[in-house]
1. Could the peptides 344-357, 26-39, 730-743, 250-263 be put in order, highest first, of the mean number of other beta-carbon atoms found within 10 Å of their residues?
2. Cα centroids of segment 141-159 and segment 164-203: how far apart, whole angstrom?
3. Starting from the alpha-carbon convex hull of segment 415-546, give the projected area averaged over all orientations, in nm².
4. What number, rounded to the nearest 500 deg cm²/dmol, is the helix-based mean residue ellipticity at 222 nm of the chain, given -39500 (n - 2.57) per DSSP H run of at least four residues and division by all its residues?
5. Can you give me the C-alpha center-to-center distance between segment 745-771 and segment 605-678, rounded to a whole angstrom?
6. For the chain, would you read off the P(r) tail past 41 Å as a percentage of all alpha carbon pairs?
7. If you roll a 1.4 Å probe over segment 137-291 with all protein chains in place, what percent of the accessible area is carbon or sulfur?
8. Per residue, what accessible area does segment 142-258 have, given a 1.4 Å probe and all protein chains present, in Å²?
Amino acid sequence: MAMPPVLKSTTPAIDIYVKLAQYPTLADSIRVRMREEMFRRGVISQEDFEAAVRASAIESQRREGLKDPFGQEEANVWQKRKERIRDYLTDAYFAFNLGSTLLDQIIAEVRSDQPVPTDSAELTFNPEIAPWELLFRQGELYEELPAQEREGVEHHLEEIKVVLIKRLISDQLPYIGVAKKVFTIADLRRIYRRRIGTGKIGGKAAGLLLAWRILLEKGQDGEDDLSANVEIPDSYFLGTEVLYEFRLQNGLDHLMNQKYRPLNEIRDEYPKIVEAHLEGTFPERIVERLREVLARAEGQPLIVRSSSLLEDNFGFAFAGKYDSHFCPNQGSEEENLQDLLVAIKSVFASTLNPDALLYRKKHGLLDYDERMAVLIQRVRGKAHGRYFFPSLAGVAFSENPFRWNPKIRREDGFLRVVWGLGTRAVDRVANDYPRLIALSHPQLRPELTADAIRQYSQNQVDVIDLEENRFVTLPVHDLLQADFPDLRYIAALDKGDYLQDILSTGTVHPGEQYLLTFSFLTRDKKFVQLMRTALQRLQEAYGLPVDVEFTVEIVPGYPYPEYKLHILQCRPLSQRKDAAAIIIPKDIADEDILFTAHELVPDGGAEGIRYIVFVDPEAYRSCDTTLKHELGRAVSHLNRRLEGEQYILMGPGRWGSVNIDLGVQVTYADIHNTKVLVEMAVAHNGQLPELSYGTHFFQDLVEAEIYALPLHIGQGETRFRWEFFRNAPNSLAGLLPDEAGLAQYLRVIDLAALPGNRRLNVLMDGRDEYAVGFLAGGDWPDSPSLQASLSSF
């Protein structure tokens, strides 16, 4: 047996190294064959060879200054070290004992074993381990076959598509089951070419591409062909492995265990985590690809969106949990690049934000290796002077999440639309309202009078300021002028006592007041049919309700315009588990009824509620900003204190609003244990606030199986027993002694502590638009109280 060579340069070994360097992708396979020959010919046994590898690897550790070789080096680094030593020893043993002639024979054998596309109907290689290009070329050969011949290879083509989808997009079986039917090999190659780095492109990108491909398919006989009316933005995909590379390069990989820390630690440390990410750098090859993206964008604004593996999943939407950032792209090349890099790093950091981690924990996803891809898209819209924005944007639901009129059919879908960027349609924003359109009855508004329409209309518009190179929010009346090209399609003249349609832009005059109503669109069957058909087709393909973020381009035409739907995002829409029809008893004693609701009522019920957490809307209105923030924190503390208990949360709508004056400022993490969120719209100065339907916040409630019930107090038949909620003993001090000073504004009613040990039942019948909350007797457990004292404050 030849002795292990000393680790020094020898001419034969260098010759082998140089020769193998000419085969960068085959070198590993060639060295495997070299070792097989060494072992077969008795140059060295496999056991002795691996022992030599290990000994040489340990010696190299000591040479590099590691005093504790087994404790100072991570497993992946140790494996990489051994791989490099193994390659060196392979070259050295082979050169010292067998020589270059045999090596040439091995190289020729390995080259001849390379799989190549074949014109044969048979698949002569294993797709699961085949190179990318081989899969694409073989798939393209199959797709080019005449229809009759293609039938015989359809199963092979399907296998290749499945392998490509799993590698490139998603390994979730429900997604693959739909995607393999609609994606072509050309589609998959296009995605591959636009991927930056390695790994999958993530859930948001996956949903976007699948929706687009579904809508390009020709409908069945008699169905509308939407292919000419549907597009997606120019898009690029940062693969999921780039996040790992970034964290490894910047010493941030230890943050992977952040998800197992207590929530308060996660909250406290998150700002530092964001800062650490923003200080990081990317591998140069990634930066160069991003430079190419910016060059191709040609100065158009971009949006950088999260696209994690779990995001927009079948069953878990992660709506609004991760970050998105606009990049106006109006600076110098270097400024634009830095803005793009900062946006990507911010998205990476958002994987560790408290809301996302709590959401994962709540849905049993904490142990999942959540990798973040990034979707980079051109912003859809046009420049109007110094501002860039679309004429119409919003979010669409294939199943209407609520009805404000019994005529409305849930299955026809629902839109929330705005003028400008769609951020105001999907997020809860201050003192502003999107237009709500039920696609079964698009002209049927929740509001009836001109005053009500004016009150619930859009007042602010989100745009990109091209001169200032930033995202801005402006008053609608500052931007919506007579010269806006799509004015007649989106607005009406505000005449005070009534609203007047704009028949043509030639009839408007300077100084006129406009109100965003979108009434022309609701009357145009072409627009309504496009949206309804797209949603129904997507739901049919997914086998689930969906929601879609979109923009619509209004293309001038005579006598009516054309419409082009740009899909920005599509995800399966979370719904509550099917429940038996709710039957509300007719004989509930009047004195037991605490409240009733008659508008926007969901279907379902929550029974046996022990605790009522009540933020008095009228008292809240009198609080200063500091006190309102304290109330939000107290609600969050109660949510943790009452974990595992049956409780409902009641208070001023709009819960979760960024405007703290309109409702308690909370996030999903602050309320996720409640059974029902009652949003109390209490009239003030003749106005009622909008509630949360159709927003990301609303989606959180649906997914967590939390019912959102609006109470429009002071309007219609709604009943509310103020005296009960204000006079019942307050358990706040016993549950949260440090928050006792808030008892005037925040009350916790423990029904088990009241005479009769009764509970609250909340029953909701969406068909009849009726809900009732009432006290009920029963065999309720006498569970021990969580609090030590009661206050009747």
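The values are calculated or read from the model by the stated rules, or taken from the named source; none is laboratory data. Every value quoted in this text rests on a predicted model; they were computed, and no experiment measured them. Reconstructed Cβ throughout: ideal geometry from the backbone, glycine too, with neighbour counts over all protein chains shown. Areas reflect the complete protein model, heavy atoms only, side chains present, ligands, DNA and RNA absent. Shrake-Rupley method; radii C 1.70, N 1.55, O 1.52, S 1.80 Å.
1. Numbers: 344-357: 22.8, 26-39: 16.8, 730-743: 18.6, 250-263: 13.4.
Highest mean packing first, the order is 344-357, 730-743, 26-39, 250-263.
2. Measuring centre to centre over Cα atoms gives 19 Å.
3. 9.7 nm²
4. On the way: 28 runs with 293 residues, N = 793.
Helices in the chain give a 222 nm mean residue ellipticity of -11000 deg cm²/dmol.
5. Distance between centres, Cα-based: 15 Å.
6. Counting pairs separated by more than 41 Å, the tail of P(r) holds 45 percent.
7. Values: 3600 of 7260 Å².
Carbon-and-sulfur percentage of accessible area, whole number: 50.
8. Value for segment 142-258: 43 Å² per residue.
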